[in-house]
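One structure below.
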Amino acid sequence: MHTFLLMLLVPLAAGILGYVVTRLRNEFSFIGAVVALYYAVRVFIQSRHGTVAYELGQVAGVPVALRVDALSGFVLLCVAAFAVLVLLFSLRYMRGRDGARGFFFFVLLGLACSNGVLLSANLLVMLFFWGVLLIVLYGLLLPGRPGSEKVAAKALVIVGLSDFAMLLGIVLVAVQFGWIDMAPSAPMPLREPAAIIGFLLIAAGALAKAGSMPLHSWIPSAAETAPAAVMAYIPASLDKLLGIYLLTRLSVDIFDISSNVAVRNVLMTVGALTILCAVMMALVQKRVMKLLAFHSVSQVGYMVLGIGTGIPVGIAGGLFHMLNNTIYKTGLFLSAGSVEMWGKTDEIDELGGLAGRMPVTFVSFLVAALAIAGVPPLNGFVSKWMVYQGVVELAKEGNKLYPLFLIAAMLGSVLTLASFLKLIHSMFLGQRPAALARTREAGFAMWLPPVVLAFACILFGVFAYEIPLRGLIYPSLPLLVEPVGIWQPVLTTLLVLASLGIGALVYLFGTARRTTATRTFVGGEMIADDEESRVTGTAFYTPVKHLPILDELLKYGERGAFDIYNWLTGSLRALGLISRHVVDRVLTALFEFTGSMVRLAGRGLSFVQNGSLPLYVGWVFIGATIFLLILALK
Amino acid sequence: MNLDVNWLQFRGGKLELFLALVLGLVGLAALLYSLVKIRAGRVAEYFIFVVVLVASGIGVVYARNLIVIFALWELAALALWRLVAYHRGEEELAAANWAWLVNFGSAALMLVGLGQILVERGTLSLDVLRGQTLPFLPATLVLVGILAKSATLPLYIWLPRAYKAAPVPVCAILSGVAENIGIVLFFKLFVLTMRVPDAFMVMVAGLAVVSSLVAGGIALTAGTFRSTLAYSTVSQLGFIFLGLSMTGYYGITAGLLYVAAHAVAKAGLFFTAGLVEDSAGHGEMDRLGGVARSNPVLAVAAGMLMLSIAGVPPFIGFFAKLGVVIATVRYSLLLGVGAMVSALFTLLYMVRLYTSVFAGTAKTPEMKPLNGFIVGIVLVLALVSLAAGIVYYLPVKLIESGMTQALGAL
C-alpha cells in the first residue's frame, strides 16, 4: 500500500483498535503514533528531493489526489512528532480519567485527519479531512469538568462557522477558477473580487483553526474544562500547525498575497489586535490553564502578522513562529498539566514554591516561558525578530500603518514577559502553600516531553539558521528570503552565558547572599507565618485592571461581551424567535382564517340544503334559467 | 391525443432505482420499528396504510404518466391522514385533518395545473412531454401541490402538528418517503422532463432558501426533541429544492444525494426520539440529558446521524451539502451565503439537541431501559450514512450513469 494511504490508515486503525481492545489501549495508541511518525520521517526525507504525488482518480469532476512537497513534508513531521509527545505524556496523565477511552481514539483520528489535510493535493480534498477535525475537536472537549458539554458545543459552533465560511470560499474560488491545486505552478494575484472574497473566506477558516481573534473564544473556555493533554494537543499543536500551514499555502502558493495591499493590511490588523487584546486578557487571569490559553491566542497574532506582511522574511518568520510556538506552548501546557495533576489545582492563588518539589518541570517550564516571552537566545526571539523585520520592511513600500503594527508586536512581547514572570513566581517560586507540602515530581513519561521541548527551544534558538531555518523553513517557501539582519545567535548565547557566569560569581562572592531574614510584621506586631499571610502573585497586574477605559473593556471581556459565540448564537436565536413568533404565527392564522371562511360558507350553504322538495325544484329552475340565458346571450 | 402511449406504465432507469432504494430502505426500517412497537390498537389498519404509503411513494418514482402520479399522490395523502390520526385523540384527529386539508387543497390546484398541461399538450405522459416547454402558470400551480406535499414555506404549516401526533415510525416514513414524493415529482417533471422558465427555478430557489432559514430558526427555538426534528425536516427539504432547482450536473447529483442522506439520517433520528420518549416518558429537551451515559451506543449513532444532516464529513450529508453549495454558488453567491447560514442553523440546533439530550447529566430520574433491537436499527442507519460517505463515489457514479441514461436519450 502507498505510504500516503498508510499515513491515513495506520493512526485510524490504531485508534479503533485501542478503542475496542481497552486493555491494550496505551500500547496500540502509542505504537500507532510512533509508526505514523516513522512514515512522516520517510515522507519528509522524500519531500526534500522533490514533490511526490499519488492520484486516486476523479469523482464528480474533482481530481482526488494526495501529494507531499517541502512545506507539507515539514508540517507532517511536526504533527506526528507532537502527537507522539502528547501521547507519551497522556499515557500516565489520562490514566483513570473520565473519557480516557475516547481521548486516545480522537487523538489518533486527529492525527490521521491532519495527515490527510497536509497530504491533500487540492483544496476540496482538504476540506473533507478538515471537516472531520471538527468531530475530533468536539470529541476531545466533551468529557471534562462540569460544563464541558457547553464548551464543546461552543467550540463546535465557532469552528463549524469558520468551516462553512471556508467551504463557501473554496467553492467560490473553485467555481470561478477551477479546482484549486494546493501548489499551482504560479500563484494567482489577488485582483478579481471573487479571488479576494474567496481568499478572505478561506483565510477565516485558517485563522479560526489557528485560534486568531475574533474566532478564538472557545480556547479560553476550553482551558477551564478540558484536561491539559487536550489543550496541548488541539489548540497548542495541531490547530496552530494546520491553521498556519493553510494560511501560508493560501498566501504564498495559491494566491500571491503581496499583490494586494488592502488584504495584507486586514491580515496584519487582525494579527496585531490579536497579539494585544489576548495578552491583556492573559494578564488578569487567575488560572494557569486559562492564562496559557490566552497566550496561545496572542501568539497566533505574530504568525498572522508575519504572513500578512507579504514580505519574504516576514512570512518565513511567521512560519518559523508557528514551529516555535508549537514547541514552547505544548511544553508549557504539558508542564502545567503536571503541576495541575500533582498539585490538584490550577488556581494561581493555590500554587507556589514548587520549584524545589518539581525541579525538572520547573526548568522546562522556565525555558519555555522565556522562549514565549522572546528572550534571546531562545527560539521565540528569532522568529519574532524576523516578524519585526518583515514589518519594518513595509516602510520601503510606503505603508503608513507599519509603526502601529510594530508597536503592537513589541508591546505584546513585553506584556507576555510580564505575565510569565507573574506565572513563574506564583507557581514555582514564592511561598509554598501547606496543601502542596507533599507534591512530588511527575514521572518519567510526564516530564520527558516537556524536557525534549525545552531542549528544542534552546537548540532552535541558538542554532536558528543552521537547523530550523535552513533545514525546515526556507526550503518550504517558494520565496527568496534575504539573510536576516545582524543577529548572531551563537555569539549572543556566549554573551548571555558569560553574563550569567558573572552574575553567578557576583552572587557567590558579593553581598547578595548576606540578606537578613525576619518574620513578617505589620505595625511592629509579628504575624503568624501561616496561610493567611502567604503572598500570591495573582494580583501582580491588578493595576492594569484599574486603568481608565481598559478596566471597563476587561470587565466586559471577562463577561463575554466580545465573544463572537454569544453574538452569533444570540443573533441566530433572535432570527429563530422572529421566525417562530411572527412567520409561523402569521401563516397559521392565515390557514385558520381560510378554514373558518370555508366553514362559514358551509354554514351558509346549509340553509339552502334543508330537505324540502319544493326548494330544490326551485333551485333547479333558477339554475336552468341562468343556463339558458347564457346560451341565449352567446 | 397520443393513444400509442400506455398510460399505466411503470418504468425507470438508474435514477429511479436510486430513489426507490432510498424510499424502500426507510420504509423497511420503519416497518421493522413498527413490528416491535405497534402491537396494540388498530394494527391491521396501521400496517395496511404504512405499506400503501411506501408503495405509493415508490409508485410515484416509477410512474410515467402524470395522472397516475396524481392518483398515487392522493392515495398517499389518504394513507397519511389515517396514519397521523392513529391514536385517535382529539389533537391527533385535528392534526390529521390539517394534513389532509392542506394536502388536498393544494393538490386540487395542482390538478388545475395538470389539466392545463393536458389541454395544451394533449397528453400527460412524461415520455411525450419530454423536452417541451412548460409555461410559468401551470408550473406554479403544480408547484403549489409539491410545496404542500414536501412541506416548504408557506405550506409547511401542517407538518409540525402531524409530527407531534403521529406514531414514531410514521414520522420516519413522513420525512423519508411521503415528503420525498413531492421532491420526486419536482425532479421528474421540472428537471428531467419539461423545460421551465428560468424565472420559475429562481423563484423556487429563493423560496427554498427562505424556507430553510425560517424553519432552521424555528428548530433552534423548539422545545421538544420531535419538534426540532420536524422543523429540521422542513429546513433540509429547502436544501433539496435548492439543489434540484439549480439543475445541471451538480444540482441533480447533490439534490438526489441529499434526498438519500436526509431520508436515512432523519429516519434514524426519529427512531432515537421515539426511544428517548419511551424511556423518559416525555420528549422535552429541558428535562432530558445524560443519555450518552446510560446508552452510549445510541448516543454515538444519533450523533453520527446529526453530523450527517449538519453536513460534516466523512458522512454522506457532507457531500450532498457541498454539491448543493457548488451548484448554488455557480448561479449566485448570495443564495450560496443563504444556504451556508441555513447550514449554520442546522449545526446549531443539532448541537443544541445533542447537548440537551445526550450530554450532561440525566434530569429525568427514572429512565426505562431502551429497546436493543431499535437501537440496532438506528446504529445500522448511522453506519449506512458513514459508509455511504466513505465510498461516496459509488452513489455519485450511480447517479451519474442514471443521468446519462435519462438525459442522454433526450
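The values are calculated or read from the model by the stated rules, or taken from the named source; none is laboratory data. The structure displayed is predicted, hence computed values, not measured ones. Ideal geometry is used to build each Cβ from the backbone, glycine not excepted, and the neighbour counts take in all protein chains shown.
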Restricting region A:146-162 to residues that are part of a helix (DSSP H, G or I) and more than 8 Å from chain B (Cβ to nearest Cβ), the residue that is farthest from the chain's Cα centre (by Cα):
A:Ser148
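Quick grid of which residues meet (1) touching a Phe, Trp or Tyr at 6+ places or on another chain (Cβ under 8 Å); (2) at pLDDT 90 or above:
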| site | (1), (2) |
| --- | --- |
| B:Val112 | no, yes |
| B:Gly115 | no, yes |
| B:Gly131 | no, no |
| B:Phe136 | yes, yes |
| B:Ala139 | yes, yes |
| B:Lys149 | yes, yes |
Exclusive hit being out of contact with any helix residue (DSSP H, G or I) (no Cβ under 8 Å at 6 or more places or on another chain) and either among the β-branched types (Val, Ile, Thr) or touching a residue at least 12 places away in the same chain (Cβ under 8 Å) (or both), set A:Gly430, A:Gly380, A:Gly390, A:Gly374:
A:Gly430
What number of residues within region B:201-217 satisfy the criterion of being within 14 Å of chain A (Cβ to nearest Cβ) and of a type in the set (Gly, Ala, Ser)?
5
Residue pairs qualifying under the 7 Å Cβ cut-off, at least six apart or on distinct chains, with the first in region B:349-374 being at positive phi and the second being part of a loop (DSSP other than H, G, I, E, B), are B:Gly360/B:Gly289; B:Gly360/B:Gly290
Keeping to region B:105-126, report how many residues are out of contact with any Leu (no Cβ under 7 Å at 6 or more places or on another chain), under 19 Å from B:Val184 (Cβ atoms) and either within 14 Å of chain A (Cβ to nearest Cβ) or not in a helix (DSSP H, G or I) (or both).
1
Where residues in region B:344-371 are among the small types (Gly, Ala, Ser) and crowded, with 19+ Cβ neighbours inside 10 Å, which of them is nearest to the other protein chains (Cβ to nearest Cβ)?
B:Ala359
For region B:218-234, what are the residues that are more than 13 Å from chain A (Cβ to nearest Cβ) and without any contact (Cβ under 8 Å) to a residue 40 or more places away in the chain?
none
Determine whether A:Ser185 is out of contact with any Phe, Trp or Tyr (no Cβ under 8 Å at 6 or more places or on another chain), modelled with pLDDT under 90 and facing chain B (nearest Cβ under 10 Å).
no
Do the conditions hold for B:Pro313, that is, is it without any contact (Cβ under 8 Å) to a residue 24 or more places away in the chain and within 13 Å of another protein chain (Cβ to nearest Cβ)?
no
Could you check how many residues of region B:159-171 are buried (at least 24 other Cβ atoms within 10 Å of the Cβ) and within 12 Å of chain A (Cβ to nearest Cβ)?
2
For region A:256-308, what are the residues that are more than 18 Å from the chain's Cα centre (by Cα) and among the charged types (D, E, K, R)?
A:Asp256, A:Arg264, A:Lys286, A:Arg287
Do we have B:Val184 as within 29 Å of B:Glu91 (Cβ to Cβ) and assigned to a helix (DSSP H, G or I) here?
no
Pairs needed: first member in region A:587-615, within 14 Å of chain B (Cβ to nearest Cβ) and at negative phi; second member anywhere, surrounded by 10 or more Cβ atoms within 10 Å (Cβ to Cβ) and in a loop (DSSP other than H, G, I, E, B); C-beta distance under 6 Å; at least 6 residues apart or different chains.
A:Leu587/B:Pro154
Could you say whether any residue in region B:172-180 is within 14 Å of the chain's Cα centre (by Cα), within 13 Å of chain A (Cβ to nearest Cβ) and of a type in the set (S, T, N, Q)?
no
Might you check whether a residue that is at pLDDT below 85 and among the hydroxyl-bearing types (Ser, Thr, Tyr) occurs anywhere in region A:352-372?
no
Any residue that is hydrophobic (A, V, I, L, M, F, W, C) and facing chain B (nearest Cβ under 9 Å) - is there at least one of those in region A:136-145?
yes
One residue is enough: does region A:68-88 have a residue meeting the conditions crowded, with 21+ Cβ neighbours inside 10 Å and in contact with a strand residue (DSSP E or B) (Cβ under 6 Å, 6 or more places away or on another chain)?
yes
How many of the residues in region B:243-253 are away from chain A (no Cβ under 14 Å), more than 24 Å from B:Val54 (Cβ to Cβ) and modelled with pLDDT of 90 or more?
1
Being touching a Leu at 6+ places or on another chain (Cβ under 9 Å), at pLDDT 90 or above and not small (Gly, Ala, Ser) is the requirement here; does B:Val325 meet it?
yes
Go through region A:142-194 and give me each residue that's in contact (Cβ under 8 Å) with a residue 60 or more places away in the chain and touching a Lys or Arg at 6+ places or on another chain (Cβ under 7 Å).
A:Met182
Only one of A:Ala36, A:Ala60 is over 28 Å from A:Ile327 (Cβ atoms) and buried (at least 17 other Cβ atoms within 10 Å of the Cβ); which?
A:Ala60
Filtering region B:254-310 down to residues that are within 14 Å of another protein chain (Cβ to nearest Cβ), within 18 Å of B:Tyr349 (Cβ to Cβ) and not in a helix (DSSP H, G or I) yields B:Leu288, B:Gly289
Restricting region B:381-410 to residues that are away from every other protein chain (no Cβ under 14 Å) and touching a residue at least 40 places away in the same chain (Cβ under 8 Å), the residue that is farthest from A:Leu140 (Cα to Cα):
B:Leu410
Just to be sure before I move on: is A:Phe164 aromatic (Phe, Trp, Tyr) and either modelled with pLDDT under 90 or touching a strand residue (DSSP E or B) at 6+ places or on another chain (Cβ under 7 Å) (or both) in the structure I sent?
no
Scan region A:539-580 residue by residue and report those that are at pLDDT 75 or above, assigned to a helix (DSSP H, G or I) and either in contact with a Ser or Thr (Cβ under 9 Å, 6 or more places away or on another chain) or surrounded by fewer than 12 Cβ atoms within 10 Å (Cβ to Cβ) (or both).
A:Ile564, A:Tyr565, A:Asn566, A:Gly570, A:Ser571, A:Arg573, A:Gly576, A:Leu577, A:Ser579, A:Arg580
Evaluation of B:Ile374 against (1) surrounded by 14 or more Cβ atoms within 10 Å (Cβ to Cβ); (2) within 14 Å of another protein chain (Cβ to nearest Cβ); (3) at pLDDT 90 or above (one fails), failing number:
(2)
Residues (farther than 15 Å from B:Gly248 by Cβ, touching a residue at least 24 places away in the same chain (Cβ under 8 Å) and either crowded, with 24+ Cβ neighbours inside 10 Å or among the hydrophobic types (A, V, I, L, M, F, W, C) (or both)) located in region B:323-343:
B:Ala339, B:Val341, B:Ser342, B:Ala343
